[in-house]
Each structure stands twice: as C-alpha cells, then as structure tokens.
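Beneath this line is the structure, given in structure tokens, with notes to follow.
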Amino acid sequence: MQTVFFFRKANAPWHHSIEELFETIINALPVSVTPVRYIMKRNSTGLWNRMINTIDAAFHQGDVNHITGDVHYIALFLRKHKTILTIHDLRILTSGGRLKKAVIRFFWFTMPARRVRYISVISEFIKAELMALTAIPASKIRVVYDCIAPEIVPVPREFNAVEPVILQIGTTPNKNLHRVIPALEGMNITLVIIGKLSAEQETLLSNHHIRHRNYYNLPYAEVLDHYRNADLILFASTYEGFGLPILEANAIGRPVIAGNNTALPEVAGDGALLVDAESIDSIRSAVMRIISEPELRSGLIARGFENVKRFHPRTIGEQFATLYEEILSEKR
C-alpha cells in the first residue's frame, strides 16, 4: 500500500522534530507499506500560502494519506476515508484572545477532524485534552506513541556523587527553570542547560549561585552527547504532550527526574522518579535522593531500560501500519 506522508515546509534549523520523528517511523514500517514523502511547497503562513498547500496536497494523494503535523488544514481537499492526521499537542489553543482561539480551533482541529478518517495522538493525555477542547469523538482518535531514535543505545557511566552533572532539557516556561534553579541552590553540581536562556533566567542562575553551562541550536547528535556526559537528567516540566527526554535518558541509561503531571507519568512508567513540578522542595528532595542513594539510581536505570522497550520504532511502525490497513479495509 502506498502511504503519502505530508510534511510542512520547515526552514529553521531547530524546526525539524516532526520530520525526524516520522523519518524514524517510516524507516521502521513493515514492507507492506510503501512510503512516499511529500513536503509542502509553501511555508504555513498567510491565507494564500495555505490555500496553495491545500490544493497542491490534493494532487499528491496515495492509497493512504498521513498528515504528519502542523499543516492540519490540508485535510480540506484530501479524500476523507483514506486520510489520517497526527496531532502532537494543543498548546496553540491555550494562548491568545477568544477570536484567535476560535479561528485556530476551527481550521486546525474542528475542520480537519471532519475531513479525516482517524486522528492519531501521541498520548492518552493529549487524547483527553483534545476531547475536552473540541467536539471530536473518542471513536475517531487513536493513541500511537512517539518512538525513540534507534541510534540511542546504552552508554554506562560511573555516577559522580561528589560533583554530578545535571542535564536540564528546555528553557521555555513549561520547562520550569524558575523552580529548578532555586531547588539546586547550595548543591555542589554543574547544571547543563539545553535551550537559549533569557536574561531573567541568567539572573536567576547568578542570584542562586548555580554553576552552569548553556547550549542551544545544537544538532541532535550533540544533544545526545550531553545525555551521555550527564549523571542525572532533570525534566520537572509542568506541561508535556509526551516527554521524549525521559525516554532518551532511559535508553542511554541515566536516572531521570520528571514532573508528575500531564503525559509525563504515562511515558515514564516506572522509569523515572516523579516529583511535584510546582514544588521547589519536591524537586530538591528528588535530586538529593538520587545523589545519595545508589540503589535508587540503579533501580531507575534498570526500569528505564524496560520502559523504553514500549517505544521502539518497530513497535510504533507496526501500530501505524495496522491503522493504514484498517483504513484500506474500510474503504473497500
């Protein structure tokens, strides 16, 4: 079966997460699926560009169409009963004025939902959120998790309990640096932060005397190097539709701390130490426990290796292939 994967036109060097994810999935699909990658000709900006993309997509359909994300609106002219749309998160519906939210809800969610056979989401949390914010029925939504990149393999490292390196992924408000930083005050650690720091965050680090290093706009291979060189991964986020850093830490073999909210417990399973992300004391206590308790560290690492098996590319590829076959059988 020929499946056409529709991708946005992504120009910025950091704007390729969806593409990298689906490239991994495509490479793991069973031989029954013949993938075709189609990249939109125009950036997803302005009415004219979006109309061009929508019309163009209509002339490049396959046995099954898969809108991989972002360009939800191209569903308008695709054949309904042979199209699947993947929705990655709904943060776009949580900001802006009432009119803006109404327009986005219609063109990115309500209208596309009417024009596709199935919607896939990356977690049960996103499914519940999607149903709460829109009128999309549960019967139309399937949960297919993101997968872990195949190049991530275990890299043993002796834990440095004297001066551990703690890796913090992300600097946007939901990544919770304004609580993580005071939680680490007074500890003999080095905090490595991936993501561009704001002036306010730099000031906070200075005021709390946190020894740190900062990197941003890195190639993925360099990000993985920072995982390998870390003793502990800290991901006490307040909102995540999935939580890939948990799995990256699991796969490499590092203990990980994660927030006990949104999709994070669903993804972490038993492979992370969960904390109240809104409590500085909870974050601080978890870090101190991992530094001081070798058995806790080794147990988290062992359970992390088991947890990450659920997200192997072949597992996710087979789930999508089953969904494509279902679409084809219904069409017949």
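Structural remarks
Listed here are the residues, each with its yes/no results for (1) assigned by TED's automatic domain parsing to the domain that holds Leu93; (2) within 18 Å of Ile152 (Cβ to Cβ); (3) touching a residue at least 60 places away in the same chain (Cβ under 8 Å).
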position	(1), (2), (3)
Leu191	no, no, no
Glu200	no, no, no
Arg211	no, no, no
Ser237	no, no, yes
Phe242	no, yes, yes
Glu248	no, yes, yes
Ile252	no, yes, yes
Val256	no, yes, no
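- Any hit, the stretch 76-88, residues being assigned to a helix (DSSP H, G or I), touching a residue at least 40 places away in the same chain (Cβ under 8 Å) and under 25 Å from the mean Cα position of the chain (by Cα): no
- For the stretch 8-38, the set of residues classified as closer than 20 Å to Lys80 by Cα, modelled with pLDDT of 95 or more and under 24 Å from the mean Cα position of the chain (by Cα) consists of Pro35, Val36, Arg37, Tyr38, listed by residue number.
- Qualifying positions in the stretch 20-35 - crowded, with 16+ Cβ neighbours inside 10 Å and hydrophobic (A, V, I, L, M, F, W, C): Leu21, Phe22, Ile25, Ile26, Ala28, Leu29, Val33
- In the set (1) assigned by TED's automatic domain parsing to the domain that holds Phe320; (2) without any contact (Cβ under 8 Å) to a residue 12 or more places away in the chain, the condition left unmet by Arg117 is number (2).
- In the set Ile283, Ile301, only one residue is more than 22 Å from Ser139 (Cβ to Cβ), touching a residue at least 60 places away in the same chain (Cβ under 8 Å), of a type in the set (A, V, I, L, M) and not assigned by TED's automatic domain parsing to the domain that holds Thr68; that residue is Ile283.
The values are calculated or read from the model by the stated rules, or taken from the named source; none is laboratory data. Given the structure is predicted, the values throughout are model-derived calculations rather than measurements. Quick reminder, even Gly has a Cβ in these numbers, built from the backbone with ideal geometry, and neighbours come from all protein chains shown.
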